[in-house]
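J.: Take this structure, written in structure tokens, and hold onto it; I'll ask about it next.
Read-outs throughout are calculated quantities, based only on the coordinates presented, and are distinct from any laboratory measurement. Since this is a predicted model, take the numbers as computed values, not measurements. Virtual Cβ from ideal backbone geometry, glycine too; neighbours counted across all protein chains shown.
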Amino acid sequence: MDDRRTVKVSKYLSKHLRHQPERIGLTLDPNGWVDVAELLEAAARHHFPITRAELEHVVAVNDKQRFTLEGERLRANQGHTVAVDLDLPPAEPPPFLYHGTVPRSLAAIRTEGLRPMARHHVHLSPDRETATRVGARRGRPMVLSVDAAAMHRAGHVFRVSANGVWLADSVPPEYLRFQD
């Protein structure tokens, strides 16, 4: 499978497993899972046929490990705008986590902190390098440090997805460190 096809299939899966399953007639279960056969049939009906081998390839090679394939079911690991409960247990975070953003967002972040916006959670990275890549998707990246240990001590709940992305309901500004 060539790289362009891999990216196209990955984006198609992200769109329909995270944001618009109804657009191709899918219904995710409460935890975000969909039956693989149903997904492949729906994709074919909507003029985007995917083979099982292509699906397995995309799940295996996705650099962000966006998907989990368990037997005959598949789900996106995080980033949903549709209502799902990923059923992730609370986890104790490392002392610091990181968030990649762009300069134009800093003024709002300084006053409001990090909010999930259209998603269910704020996504945090375990290292600066990952946060830099995330921020770079929208322009010149800025990396914010999150005092996760202090947040955790104050009662904020963290969860970690199957691909290592840390999730929080929000990050108040007092827990953020800006690199000016």
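J.: Work out the FRET efficiency for ALA150 and HIS19 from their Cβ-Cβ distance, taking R0 = 25 Å, and round it to the nearest 0.05.
T.: FRET efficiency, ALA150 to HIS19: 0.15.
J.: While we're on this one: Give the long-range amide H neighbours of ARG73: residues separated by 5 or more places, or on another chain, with amide H under 5 Å away, using H modelled in the peptide plane at 1.01 Å from N.
T.: Sorted by chain and number, the residues that satisfy this are VAL36.
J.: Continuing with the same structure: In whole percent, what relative contact order does the range 3-76 give with Cα contacts below 8 Å and a gap of six or more residues?
T.: With pairs under 8 Å counted, the relative contact order is 34 percent.
J.: Normalised by the residues of the chain, what does the relative contact order come to in percent, with Cα pairs under 8 Å and at least six apart?
T.: Computed value for the chain: 21 percent relative contact order.
J.: Same structure, new question: List the residues whose amide H sits under 5 Å from the amide H of VAL102, counting only those 5 or more places along or on another chain, with H placed 1.01 Å from N in the peptide plane.
T.: Long-range HN contacts for VAL102: MET142.
J.: Continuing with the same structure: State log₁₀ I(q)/I(0) for the range 96-177 at q = 0.12, 0.19, 0.23, 0.25 Å⁻¹ as given by the Debye formula over alpha-carbon point scatterers of equal weight, solvent excluded.
T.: -0.29, -0.77, -1.16, -1.37
J.: Let me ask something else. Rg and Dmax of the chain, Cα atoms, in Å?
T.: For the chain, the Cα-based Rg and Dmax read 17.4, 50 Å.
J.: Taking the Cβ of GLU38 as the centre, find all other residues whose Cβ is under 12 Å away and add up their charges (Lys, Arg: +1; Asp, Glu: -1).
T.: -2
J.: May I ask you to list the residues of the range 81-96 whose amide nitrogen lies under 19 Å from a point 7 Å from Cα along the Cα→beta-carbon direction of ARG115?
T.: Taking a point 7 Å out along Cα→Cβ of ARG115, the residues of the range 81-96 whose backbone N falls under 19 Å are 81-83.
J.: Let me ask something additional. Just from its helices, what would the mean residue ellipticity at 222 nm be for the chain, if runs of 4 or more DSSP H residues each count -39500 (n - 2.57) and the sum is divided by every residue, rounded to the nearest 500 deg cm²/dmol?
T.: -8500 deg cm²/dmol
J.: No solvent, one uniform scatterer per C-alpha: report log10 I(q)/I(0) for the range 58-139 via the Debye equation at q = 0.17, 0.27 1/Å, two decimals.
T.: These q points yield log10 I(q)/I(0) values of -0.90, -1.47.
J.: Would you mind counting up the charge near VAL9? Only other residues with Cβ under 15 Å from its Cβ, with Lys and Arg at +1 and Asp and Glu at -1.
T.: +4
J.: Got the relative contact order for the range 96-177 handy, in percent, Cα pairs under 8 Å and 6 or more residues apart?
T.: 43
J.: Starting at the first residue of the range 104-118, write each ³J(HN,Hα) from the Karplus equation 6.51 cos²θ - 1.76 cosθ + 1.60 with θ = phi - 60°, in whole Hz, x for Gly and Pro.
T.: The phi angles translate into 5, 8, 4, 4, 5, 5, 4, 8, 9, x, 8, 10, x, 6, 7 Hz.
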